[in-house]
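This is the structure I want to talk about, given as C-alpha cells.
The values are calculated or read from the model by the stated rules, or taken from the named source; none is laboratory data. Quantities reported herein were computed from a predicted structural model and do not represent experimental measurements. Neighbour counts are summed over all protein chains in view; Cβ atoms, including those assigned to glycine, are modelled from backbone coordinates with ideal geometry. For accessibility, only protein heavy atoms count, side chains too; no ligands or nucleic acids. Shrake-Rupley method; radii C 1.70, N 1.55, O 1.52, S 1.80 Å.
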Amino acid sequence: MPHHHAKGQCLSCSIRPITIFSTLDKAEVEQIQAFQPAIIQYEPDEIIYHQGMEARYAFTLRQGFVKIVNTLADGRSHIVQLLRDGDFFGFGGLSGANYKHSAIALNTVDVCRLPLSDLLKLKQTHPKIETEMTKRWLERLHRAESMLVELGAKKAAERLASFLLRWCAGNSPDTWVALPLNRAEIGELLGVTIETVSRFFADWKRQGFIGESRGNIQMLDAAGLRLAVGVED
C-alpha cells in the first residue's frame, strides 16, 4: 500500500529546480503556498495509477524509477517509457481524458501528487507554470517520436547500445549507474527478445565496453561501443 508522508512545501523543496515550478521566483512560490501536493511513497511493483482510470492527479517523481506501461486489449503489455527523478507524468488528464497508461514503481519511489484541478487554476494564474508544463509535454512527445524511429529504423544492437549510452550519459567513465530494469523489461522497452539483450550484454562486457553488477551499469568505453555498433548517440 502507498504511504502518505506529508504535505509538500514547494518553497523548501529540494527538487523544485527540476520541477514545473522551477522558473518561479521566491515571491511567486510564496504566492502558491496554499497549494501543497501530497508526498507519497510507493514500494516496488506498486501501481501509482491504472490505465483507464479517471485522471485526477499528475505526479512529479522525487526519487526512484517508474515504468509507464501500455496494456493491449488482449492483455499483452509493453513498457513505453522509463522515468527518473524530476520527471512529470500523469498530466494527460488535464485534457479531460482518463489515464492512457499505467505507472508502476520499479523500486521504492517518492512522488509529489498534484491535483489536476489545482494545477488547472495555477497555470491560469501563473503563465510560467503553463509554459513549463507545455515544455514537459513537448519533451514527452519528442521522446515518443524518437522511440518510434528507433523501433522502426534501428537494428537490435543499435537500439540497445543507444539506450545504454543515453542512460549513462552525463556520468564519468567507470561510474556505476542504477539500471532498474531486468533483461526481460529492457527487451520489452526496446522491442527485442530477452535472449538478444543477454547476448549483447555478455559480448559487450567481454569486450570491455560496459560493466554490470546487481542492477547497476557502467559505461567503460562509450567510444568503443559506438564504433562497434555504428551509432552516434
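Going residue by residue through segment 30-39, is there one that turns out to be among the aromatic types (Phe, Trp, Tyr) and closer than 26 Å to Gly191 by Cβ?
The answer is no, given that none of the residues of segment 30-39 is among the aromatic types (Phe, Trp, Tyr) and closer than 26 Å to Gly191 by Cβ.
Would you check which residues across segment 103-113 are farther than 19 Å from Arg214 by Cα and crowded, with 19+ Cβ neighbours inside 10 Å and list them?
Ala103, Ile104, Val111, Cys112, Arg113
Next question, about the same structure. In segment 31-57, what count of residues is obtained for those that are farther than 12 Å from Asp110 by Cα, buried (at least 16 other Cβ atoms within 10 Å of the Cβ) and of a type in the set (A, V, I, L, M)?
Going through segment 31-57 one residue at a time, the tally reaches 2.
If I filter segment 137-177 down to residues being of a type in the set (A, V, I, L, M) and closer than 20 Å to Thr19 by Cα, which single residue comes out as least open to solvent (accessible area, probe 1.4 Å)?
Checked segment 137-177; the qualifying residue least open to solvent (accessible area, probe 1.4 Å) is Leu141.
So which residues in segment 137-153 are out of contact with any Asp or Glu (no Cβ under 9 Å at 6 or more places or on another chain), touching a residue at least 12 places away in the same chain (Cβ under 8 Å) and farther than 18 Å from Asp85 by Cα?
Selection gives Ala144, Met147, Leu151.
Of the residues Thr60, Thr23, which single one is open to solvent by 30 Å² or more (accessible area, probe 1.4 Å) and either under 18 Å from the mean Cα position of the chain (by Cα) or under 25 Å from Lys123 (Cα atoms) (or both)?
Thr23
Select, from Tyr99, Tyr57, the only residue that is closer than 24 Å to Gly191 by Cβ and of a type in the set (Ser, Thr, Tyr).
Selected residue: Tyr99, the only one of Tyr99, Tyr57 that is closer than 24 Å to Gly191 by Cβ and of a type in the set (Ser, Thr, Tyr).
So which strands (runs of 3 or more DSSP E) are wholly in segment 1-58 and hold at least 2 residues that are under 16 Å from Cys112 (Cβ atoms) and modelled with pLDDT of 85 or more?
By residue number, 38-42, 47-49.
For Leu122, work out the one condition from (1) touching a residue at least 12 places away in the same chain (Cβ under 8 Å); (2) farther than 18 Å from Asp87 by Cβ; (3) among the hydrophobic types (A, V, I, L, M, F, W, C); (4) open to solvent by 30 Å² or more (accessible area, probe 1.4 Å) it doesn't fulfil.
Going through the list (1) touching a residue at least 12 places away in the same chain (Cβ under 8 Å); (2) farther than 18 Å from Asp87 by Cβ; (3) among the hydrophobic types (A, V, I, L, M, F, W, C); (4) open to solvent by 30 Å² or more (accessible area, probe 1.4 Å), Leu122 breaks only (4).
I'd like the full set of residues that are farther than 21 Å from Arg62 by Cβ, without any contact (Cβ under 8 Å) to a residue 60 or more places away in the chain and surrounded by fewer than 15 Cβ atoms within 10 Å (Cβ to Cβ), limited to segment 125-136.
Once the filter is applied, which keeps residues that are farther than 21 Å from Arg62 by Cβ, without any contact (Cβ under 8 Å) to a residue 60 or more places away in the chain and surrounded by fewer than 15 Cβ atoms within 10 Å (Cβ to Cβ), segment 125-136 yields Thr125, Pro127, Thr134.
From the residues in segment 196-217 that are in contact with a helix residue (DSSP H, G or I) (Cβ under 9 Å, 6 or more places away or on another chain) and either within 15 Å of Pro180 (Cβ to Cβ) or small (Gly, Ala, Ser) (or both), which one is surrounded by the most Cβ atoms within 10 Å (Cβ to Cβ)?
Val197
Oh, and also: Conditions first: (1) under 21 Å from the mean Cα position of the chain (by Cα); (2) open to solvent by 50 Å² or more (accessible area, probe 1.4 Å). Pro180 passes all but one, so which condition is the exception?
Result: Pro180 fails condition (2) only.
Now a separate question. Looking at Gly93, Gly86, which one is part of a helix (DSSP H, G or I) and either open to solvent by less than 60 Å² (accessible area, probe 1.4 Å) or in contact with a strand residue (DSSP E or B) (Cβ under 7 Å, 6 or more places away or on another chain) (or both)?
Step by step, each of Gly93, Gly86 is checked, and only Gly93 is part of a helix (DSSP H, G or I) and either open to solvent by less than 60 Å² (accessible area, probe 1.4 Å) or in contact with a strand residue (DSSP E or B) (Cβ under 7 Å, 6 or more places away or on another chain) (or both).
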